[in-house]
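What follows is a short report on a single structure.
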Amino acid sequence: QNIRQFKEVARDRFLQPAEITNFMQALMGTTNEMFKHFILLLLYTGQRKANILALRWEHINLHNCILYLPDTKNNQSQQIPLTKQAINVLKDIGIKDFGWVFPSKQSTSGHMENPKRYWAELLKKANITNLRMHDLRRTMGSYQAIVGSSMNIISKSLGHKSIQSTAVYARLSLEPVRESMQKATDEIMKY
């Protein structure tokens, strides 16, 4: 009581258009194929790191292009549509009927765990600073906002319980706002 809580500022970092080329070139140049596939799935699905690390083949339905997450951070299962790029990554890994998508004999969990060292090397090669793996999730949401997707669609794709969690993605890109304002200004100037 009588103690003011520290106000947290929501992180709004995502891969900027000027960074994507360097990021992708560095990623494609990595010799660790499992790490490369993991990062691509993070980027192409917009899902949390823990969900992709613990991904099992039996939760992937390639026929319907759906990724099923039985247990997420918000304690709800979720179905994620898979893009063509995500499906290609899964095919590159080598589709199996069961087991971990990213197995590891070194971990106690049986699947790959936090690949911090490879992430640091990737960022150094790409000459990118202050980017976390979770920012790839934010990148998907941000680019959905950039191309004009609704907050409801972005919220559903990221598995947010509330639209407030998704609101950060709308403020990250001013381009859709600028386009809307430009259309309105053009309309005004007709008269």
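The values are calculated or read from the model by the stated rules, or taken from the named source; none is laboratory data. None of the values given here were measured: they were computed from a predicted structure. Every residue, glycine among them, receives a Cβ derived from its backbone with ideal geometry; neighbour counts consider all protein chains shown. Only protein heavy atoms, including side chains, enter the accessible area calculation; ligands, DNA and RNA are left aside. Shrake-Rupley method; radii C 1.70, N 1.55, O 1.52, S 1.80 Å.
Which number in (1) assigned to a helix (DSSP H, G or I); (2) open to solvent by 70 Å² or more (accessible area, probe 1.4 Å) marks the one condition that VAL89 misses?
All conditions are met except number (2).
Considering only the stretch 132-177, state which residues are within 18 Å of ARG11 (Cβ to Cβ), of a type outside the set (S, T, N, Q), modelled with pLDDT under 75 and in a helix (DSSP H, G or I).
Result: ALA167, VAL168, TYR169, ALA170, ARG171, LEU172.
Give the residues of the stretch 23-61 that are of a type in the set (Lys, Arg) and either open to solvent by 30 Å² or more (accessible area, probe 1.4 Å) or in contact (Cβ under 8 Å) with a residue 24 or more places away in the chain (or both), sorted by residue number.
ARG48, LYS49, ARG56
Select from the stretch 106-131 the residues that are assigned to a helix (DSSP H, G or I) and surrounded by 13 or more Cβ atoms within 10 Å (Cβ to Cβ) and list them in ascending order. Can you show your working first?
Let us first name the residues in the stretch 106-131 that are assigned to a helix (DSSP H, G or I), namely 116-126.
Once the filter is applied, which keeps residues that are assigned to a helix (DSSP H, G or I) and surrounded by 13 or more Cβ atoms within 10 Å (Cβ to Cβ), the stretch 106-131 yields TYR118, TRP119, GLU121, LEU122, LEU123, LYS125, ALA126.
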